[in-house]
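First comes the structure, then the notes that go with it.
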Amino acid sequence: MLTAVGAYFASRRMDVAVAATCVAIGASLLVSYTRARAEALGVECKVGIGSRAVRVVILSIGLVFAKGAGIFDADLLAPAIYVMAALTVFTVFQRVWHVRGQLADMPGGRKAEISGNGEGV
């Protein structure tokens, strides 16, 4: 869906919106990746304000109120993408900091294993 939105923006030469769409796509992948890596390390990671459900709602609102959709003739697609990109990037950082804190609190120094040096942190 986001690829089609990015193509739409590209066809209209909306470069900032295309870049924000690319950021939203990349950060969305990182949100899922950070959760998967955290759970592989034994840390539950369901934190963050930009969960998948929130991103779907924001994108849906942007699409429903896009120019030409016939509802209030508003053009909220680009602002929705900007908000989605920002929330998604923020969520990635939230999850990274959450996992970092959880690993630091674990007994046995899991943080040392992750750093790769084996000497501890």
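When only residues in the stretch 11-37 that are small (G, A, S) and surrounded by 19 or more Cβ atoms within 10 Å (Cβ to Cβ) count, which is farthest from V96 (Cα to Cα)?
Here is the first cut: in the stretch 11-37, the ones small (G, A, S) are 11, 17, 19-20, 24, 26-28, 32, 36.
Filter once more, keeping what is surrounded by 19 or more Cβ atoms within 10 Å (Cβ to Cβ): 17, 20, 24, 27-28.
Working: A17: 26, A20: 21, A24: 17, A27: 12, S28: 14 Å.
Per the criteria, the residue is A17.
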**Request:** Looking only at the stretch 58-81, count how many residues are among the β-branched types (V, I, T), assigned to a loop (DSSP other than H, G, I, E, B) and open to solvent by less than 20 Å² (accessible area, probe 1.4 Å).
**Result:** 0
**Among (1) over 12 Å from the mean Cα position of the chain (by Cα); (2) closer than 16 Å to M1 by Cα; (3) in contact (Cβ under 8 Å) with a residue 40 or more places away in the chain - the single one A80 does not satisfy** = (3)
**Message:** Taking the conditions exactly as written (over 30 Å from P107 (Cα atoms), at pLDDT 95 or above and either open to solvent by 20 Å² or more (accessible area, probe 1.4 Å) or β-branched (V, I, T) (or both)), does M1 satisfy them or not?
**Reply:** no
**Message:** When the residues of the stretch 38-55 are narrowed to those that are free of Cβ contacts under 8 Å to residues at least 60 places away in the same chain and assigned to a helix (DSSP H, G or I), which ends up most open to solvent (accessible area, probe 1.4 Å)?
**Reply:** R52
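The values are calculated or read from the model by the stated rules, or taken from the named source; none is laboratory data. As the structure is a computational prediction, the values presented were derived from the model and not from experiment. Virtual Cβ from ideal backbone geometry, glycine too; neighbours counted across all protein chains shown. Areas reflect the complete protein model, heavy atoms only, side chains present, ligands, DNA and RNA absent. Shrake-Rupley method; radii C 1.70, N 1.55, O 1.52, S 1.80 Å.
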